[in-house]
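In what follows, a structure is listed as structure tokens, so that the remarks can point back to it.
The values are calculated or read from the model by the stated rules, or taken from the named source; none is laboratory data. Just so it is clear, the model here is predicted, and its values are computed rather than measured. Here Cβ is always computed from backbone atoms with ideal geometry, including for glycine, and neighbour counts include all displayed protein chains.
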Amino acid sequence: MAQDLTQMLEMPAHRALMAAQQAAPLTPFTTDGCSGGLSAGWTMVGDTFPDFAAAQGNLPPWEACCVIHDRAYHDAGGALTPEDSYAARQQADRALQSCVRDTGESHLADLAVRYDTTPEKVRSAYGTIADAMYLAVRFGGGPCSGLPWRWGYGYAHCTPFDSTAPARD
């Protein structure tokens, strides 16, 4: 039921995005790493606190996941119909969530030793981060929002109302 409501609310924006896709060419790919200031903030903290950067790195450990996600968001997952766009966005967001979890899994033993904790706690922390990122992109990444990290950001700006406007003579 919630899925149907979410799709119903989001579809006008996907229709507007598909119209924008037809109206202007795709811009070259760009990425800010992890959007919403996550990568920029991580870098700022690392620059301010060298011990943090030495332990954590200058970029979030899951930044590659964000860049892959940005590639899908840039061209709306290559979708050609509003329905495919909606499905591709869901798939991209779930892939981001899985990638962040997998990043934690791939470093589980090292992180547990580094933080003197259990692998289960590391797994739980990465799961929380992955779930929070998923919710953030679902909430803030919709098409035609005007935000720089929106679904289909490589196409011209649009609004969800573009697809519902009456034709002009």
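Here are the numbers:
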| item | result |
| --- | --- |
| Elements of type helices (runs of 4 or more DSSP H) in region 25-81, at least 3 residues being at pLDDT 95 or above | 63-74 |
| Condition met for Y134 (closer than 22 Å to Q7 by Cα, touching a Lys or Arg at 6+ places or on another chain (Cβ under 9 Å), hydroxyl-bearing (S, T, Y) and assigned to a helix (DSSP H, G or I)) | yes |
| Lone qualifier among V113, V100, V122 - being in contact with a Phe, Trp or Tyr (Cβ under 8 Å, 6 or more places away or on another chain) and either more than 19 Å from S35 (Cβ to Cβ) or modelled with pLDDT under 95 (or both) | V122 |
| Some residue of region 79-98 being surrounded by 15 or more Cβ atoms within 10 Å (Cβ to Cβ) and farther than 23 Å from M11 by Cβ | no |
| Boolean, T128 is free of Cβ contacts under 8 Å to residues at least 12 places away in the same chain, among the β-branched types (V, I, T) and either part of a loop (DSSP other than H, G, I, E, B) or touching a helix residue (DSSP H, G or I) at 6+ places or on another chain (Cβ under 6 Å) (or both) | no |
| Output for region 108-119, where each listed residue is exposed (fewer than 14 other Cβ atoms within 10 Å of the Cβ) and either in contact with a Pro (Cβ under 8 Å, 6 or more places away or on another chain) or closer than 30 Å to M11 by Cα (or both) | A109 |
| Matching residues in region 137-169 - criterion: being touching a helix residue (DSSP H, G or I) at 6+ places or on another chain (Cβ under 7 Å), modelled with pLDDT of 90 or more and in a helix (DSSP H, G or I) | V137, R138 |
